[in-house]
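See structure below.
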Amino acid sequence: MRVIIVFFMYIGVVWGKNTLIVAVSENIGALNPQGYQGNAMFAQNAVYEGLVRVDKRGKIVPSLATRWEISTDALQYDFTLREGVRFSNGEEFNADAVVKNFESVLKNRARHSWSGLAVALESAQKLAPHKVRLILKKPYSPTLDELAVARPFRFLAPSAMPKDLDLIKHNPQPIGTGAYMLAKSVYGVSDTLVKNPHYWDKDAYNGIYYDEVILKVIYDPSSKIAALKSGQIDMIYGNDQIPLEIFKSMQRGAQFHTYLSPPIYTTNLVINSASPAFKLGNTELERTLRKALGYGIDKQRLIKAVYSGLQDTTDCMFQPSKACEEAHSISASEQEEALAFLRKHFADSRQRGIEILYIGDNPAQKMMAEIIQSDLKAFGVKVHISASEYSIYMNRLLNGAFDIAFRDTWGAPYDPLTILHSMLIPSHIDYAAQQGLPTKPLIDEEIRKLIALNPHIKAFKDTLERIIFMLEDSGVYMPLSNQRNKAIAHKKIKGIDMGVSSYEVPFWEFYEDSKK
């Protein structure tokens, strides 16, 4: 769901074109509009567009649809399509193209079941050459949110669609309506994006954005940093891919501009309620134990040590709310009682201790795990920290084979509704981590109720508050910090305005100031 990339930029003219060279750790993949693993979201987002999109503040705004109407029962969404739009091959974008793409998504409904919309959607109908209707089997309040994400509800040219409409079996030629199109791909070397000559919004930035984006594969992080220091590259973009000491030193220098995005998502520590390490035979004591682990961690010191003041701590999984505040409201004496219980429980030498699992190539997670290990040691808790390769890490989370692990929310537009829906499905960490909660059936029931409500009525807000309270009060989640994207750029590079979407890299906004 999230893109962390590094940009290498060479400012100049290559073969007569205004070219941007970007370093990525791996190729961007086939750019299947419905593809997941191996398909880079930032590149899918540059090539394909949807009916709506997320602006830099996280608001849903028009994209290929100019307006929409929702029926009173929330089962029908009528979209008026933007006229004059063409795919990068010159093919017309119209209602027929929209219907065909939705039919393709529904062909593999199960594959996209993380999306409640893919489950709730009954059909797509053409009402006019530039008007379509989406018909839902049941109301689903995050419908517009999920239509805005980078996959799978983006549009491929009908001529590129396989006859059986199956984009799981087939990788089509990547022909979209976005600002760029894929021109060339050499595995292990580079991918090249060029301007879509038919892009409907190319004049929004006076057409001065880069003609060509070369995505050069450079895996080793030290090679990227060395290139930056030696002046061979002009820009680095992307969260933890920029070592904090480098970022801070660049902030103090005058050669480059540095950028920090608004908060884009939240990093949480997740305590597995079903882990034998926390089973006491009493669900209330188990909740106390989980919460006590959180009280034993000096969060302020932790985040300051890891992020050097570039990020703030947070007590909430999502946006701050009354429910979150109430869930974390505790007196000093209650906290001391919980910590005393923690000491007593782990004073038993027979206790095997607990394991904190982290992604091996994530330096921030490693550092946080080490500090947490030290903090909890003061309360007699034996903590083992374990590094894991990403795919193994994700499999362990999926199967509930962990005590404590790190988990990031997905950011706009997924938070909070799409993430809450994903808690109903055994395909993410939340489902596994909540299995030991006696309140799990009630949480699921409330989530199902929530996503069927009109998001503008009081009952929706009240239900959301109840769910957030139950999750925050369970002791399963310990929110740590609001993550920010980072960029270091040569002063010639303009148009860098970092928004709240973690997967968007707006190449179409970047341009060169030749005076610098």
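Sparse packing (at most 15 other Cβ atoms within 10 Å of the Cβ) combined with a DSSP loop state is found for none of the chymotrypsin sites (Phe, Trp or Tyr not before Pro) in the range 437-505.
How do 45-55, 94-104, 69-79 rank on mean C-beta neighbours within 10 Å, highest first? Spell out each step's value before the answer.
Details: 45-55: 23.3, 94-104: 19.7, 69-79: 15.1.
Per-residue Cβ counts within 10 Å, averaged per peptide and sorted highest first, yield 45-55, 94-104, 69-79.
With K and R counted +1 and D and E -1, the other residues having a Cβ less than 13 Å from that of Gln232 yield a net charge of +2.
When ranked by the protection proxy of mean other Cβ atoms within 10 Å per residue, highest first, what sequence do the peptides 305-312, 447-454 form? Let's see the in-between values first.
Numbers: 305-312: 16.1, 447-454: 18.2.
The peptides rank, most packed first, as 447-454, 305-312.
What ranking do 24-36, 125-137 get when scored by the average of other Cβ atoms within 10 Å per residue, highest first? Don't skip to the answer; put the middle values down first.
On the way: 24-36: 20.7, 125-137: 16.4.
Ranking, from highest mean packing down: 24-36, 125-137.
Ordering His257, His112 from the fewest to the most neighbouring beta carbons within 10 Å gives His257, His112. Compared with the rule-of-thumb size 2.2 N^0.38 Å for a compact globular protein, the range 263-483 has a Cα radius of gyration ratio of 0.98. Exposure proxy for Thr313, Thr418: other Cβ atoms within 10 Å of each Cβ, ordered fewest to most, give Thr313, Thr418.
The Cα-based radius of gyration of the chain, divided by its Kirkwood radius, gives an Rg/Rh of 0.98. Label sites at Ile330 and Lys216, each approximated as a point 7 angstrom past Cα along Cα to Cβ, lie 5.1 nm apart. Look at where the Cα atoms of the range 241-293 and of the range 434-494 average out, and the two centres are 15 Å apart.
Exposure proxy shown here: for Arg151, Arg466, Arg290, the number of other Cβ atoms within 10 Å sets the order, fewest to most, as Arg466, Arg151, Arg290. Using the Cβ-Cβ distance between Lys126 and Val61 with R0 set to 35 Å, the FRET efficiency works out to roughly 0.90.
Each value in this text was obtained by applying a stated rule to the coordinates, not by laboratory testing. These numbers come from a predicted model, not from an experiment. As a convention, Cβ positions derive from the backbone with ideal geometry for all residues, glycine included, and neighbour counts pool all protein chains shown.
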